[in-house]
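Trainee: The following block contains the structure, expressed as structure tokens.
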Amino acid sequence: MRTFLTSLIAGLALLFNTSATYAQDATFVKTSYNVLSDGNVELVFDVQISDGWYMYSATPVKGGPMTANFDLSADTPAQPQGAMVDGTEAHTKFDSAFGLDVYYFEGNGQFKQIITPSAEGNFTVQGTLVYQTCNGEECLINENDITVNVKMAGAEVIEAPKAKKSKDESLLWFLLIAFAAGLGGVITPCVFPMIPMTVGFLIGGTPSKRNGIMKGLVFGLSVVLIYTLLGLIVSLFGSTAATDALGTHWIPNLLFAALFIVFSISFLGAFEITLPSGLANKADRQADKGGYIGAFFVAVAMVIVSFSCTGPFVGSILAAAVVGGVTLKPILGMAVFGAAFSLPFVVCSFFPGMMKKLPKSGGWLNVVKVVFAFVLMAFAVKFLYNVDAYFGWGIITRLGFLAIWITLVVLLGLYFLGVIRTDHDSPVDGIGWGRMLVAIACFSFAFYLIPGLFGAPLKSVSGMIPPMDGSTTVVSAPAGNGETTAPSGYSALKSYNTLDEAMKASEESGKPLFITFKSHTCSVCKVMEATVLNDPTILSRLSSDFVVANLYVDDKTPDAEYKTLGRKFRQYEMEKFGSASQPLYAVIDHTGKILSGPVGNSSVEEFGAFLNF
């Protein structure tokens, strides 16, 4: 009955040529516009979403689901100003399939796109609103053809909208990380030994305790101000589209990778990174004047001198801020970082006796630097992978990425065991329980990553590592008939990405064709592949008894008739199976005759019955 209703709704949508290309989730889009005071036009898309469904927002999440976007037709005499943004605040939730927070709408959603007319007078806007909806069991790629007649003369003119401030819950985690990074910067060899000297200046030569406290406050606020100004410079890009572009473009990713590699080599003792000595000397001379002005320049000198150790922390916070696509993130992140960084100095100026309880400087500070070096190298690989993915080179594969990470973690474990050392390490008598525990943690993490070389999904770090690809090593063992067993993962199966090639292979082999309709950003598809399709019984059947075709409905490869292959696959899915949802699975023969299905999200038992047609 459900299949019949689904087919009926899809057929009516095609028959009456409604604005929604596929209306299975019963979304409805209303488009309006506003003429802004600066002459631009703001397009407003109000979307009504049926009960039980949710829609991903326009807020970009790197490595997450497809964001809503508006593709302006080339026939429209206007140019878009940045990317489409959310018109109302989206909800936030953690999506285990992607391993990160995603933004979505329920019930109602709104998007806004600003365009600049290229000529005076009235004009017609044509384009396509593209968004993804899901209900926990299936997902849809929706494409709504939009046509709006814009009347510039006599239209109501409103003030241009101000930048929308995001209040997503992940901002709290970002600020907590920034605070932790600020505290981490304190326990570095460049900073920690300077605490007594700096605090001594703040409280020394003052007629009263109150003056010492005030100088400590001036010092702390000055540090916060300096780092906040740095964040302000980054945020001057002025829009979420610009900050997102900065986070995803190959140039900043390559820059961050290079900086992290240089800092990591420096932390291992190869050389020392310092800012121009003249800059630090000028700050020192101003600090010698004393008073509140002196406290300010002490803060300036501290920031300059500590740069060689705090630079990686600052770079990490700024990198996370621009990738997040929120204009205020660099400012807030740097302000919180500066507050945490200056906190020990301020507290010790309030309570000088606490300095006696601080641990003495020693070899442990170099251990901190070495740990930071390995962590920075690991993140540098991540940034280099982003560059590789941007150009589609395929040089840094999942296999290579994991191999580098495993090597770094093992080397760090060996460092804590004393097997490898740096020239700056102090001699130690034996291995304490602390070093032993950290070494065990390093080796445990390495053992956790090793199965990923052989197809394991590694769900807990899936958001940090490349997705499954053909580079993953496949372990096979001889079976009874001399053939090999099925590969260790569904993504490692040989498959076709076009229907014609798959049908030809099906005819030549005599095997039925197993079709998967999915998208690169479908969370339900990822869950099905990680659980049901990777079940050993299901995997063995697919490997030995079927020709596999993975048809991506969001494939952007140009197609003469349908514009893209993704549209062609969605149209075929609608006409052949009466559905436009993902994931959708079906078995056909080389002539296109349906042998089994279609089925969607299902259990291992249900999927096994579907294959046993």
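Trainee: Could you tell me whether residue 420 is free of Cβ contacts under 8 Å to residues at least 24 places away in the same chain and either touching a Pro at 6+ places or on another chain (Cβ under 6 Å) or not hydroxyl-bearing (Ser, Thr, Tyr) (or both)?
Mentor: So residue 420 fits the description; yes.
Trainee: Still on this structure, please answer the following. Could you list, in sequence order, all residues of the range 1-38 that are more than 26 Å from residue 573 (Cα to Cα) and either at pLDDT below 80 or of a type in the set (A, V, I, L, M) (or both)?
Mentor: Residues satisfying the conditions are 35, 36, 37, 38.
For (1) modelled with pLDDT of 80 or more; (2) more than 23 Å from the chain's Cα centre (by Cα); (3) crowded, with 22+ Cβ neighbours inside 10 Å, each residue gets a yes or a no:
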| site | (1), (2), (3) |
| --- | --- |
| 321 | no, no, yes |
| 326 | no, no, yes |
| 337 | yes, no, yes |
| 342 | yes, yes, yes |
| 345 | yes, yes, yes |
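Trainee: A further question follows. With at pLDDT below 85 and part of a helix (DSSP H, G or I) as the only criterion, which of 260, 237 stands out?
Mentor: Being at pLDDT below 85 and part of a helix (DSSP H, G or I) holds for just one of 260, 237, which is 260.
Trainee: Another question, if that's okay. Can you give me the number of residues within the range 559-576 that are closer than 18 Å to residue 496 by Cβ and either in contact (Cβ under 8 Å) with a residue 40 or more places away in the chain or of a type in the set (Gly, Ala, Ser) (or both)?
Mentor: 6
Trainee: Okay, next question. Go through the range 68-85 and give me each residue that's within 23 Å of residue 582 (Cβ to Cβ) and in contact (Cβ under 8 Å) with a residue 40 or more places away in the chain.
Mentor: 68, 69, 70, 71 - these are the residues of the range 68-85 that are within 23 Å of residue 582 (Cβ to Cβ) and in contact (Cβ under 8 Å) with a residue 40 or more places away in the chain.
Trainee: If you go through the range 482-533 one residue at a time, how many are modelled with pLDDT of 85 or more, over 24 Å from residue 558 (Cα atoms) and surrounded by fewer than 18 Cβ atoms within 10 Å (Cβ to Cβ)?
Mentor: Counting residues in the range 482-533 that are modelled with pLDDT of 85 or more, over 24 Å from residue 558 (Cα atoms) and surrounded by fewer than 18 Cβ atoms within 10 Å (Cβ to Cβ) gives 5.
Trainee: Scan the range 556-573 residue by residue and report those that are more than 18 Å from residue 520 (Cβ to Cβ) and either among the polar types (S, T, N, Q) or touching a strand residue (DSSP E or B) at 6+ places or on another chain (Cβ under 6 Å) (or both).
Mentor: 571
The values are calculated or read from the model by the stated rules, or taken from the named source; none is laboratory data. From a predicted model like this one, the values you see are computed outputs, not experimental measurements. Cβ: placed from backbone, ideal geometry, glycine included. Neighbour counts: every protein chain shown.
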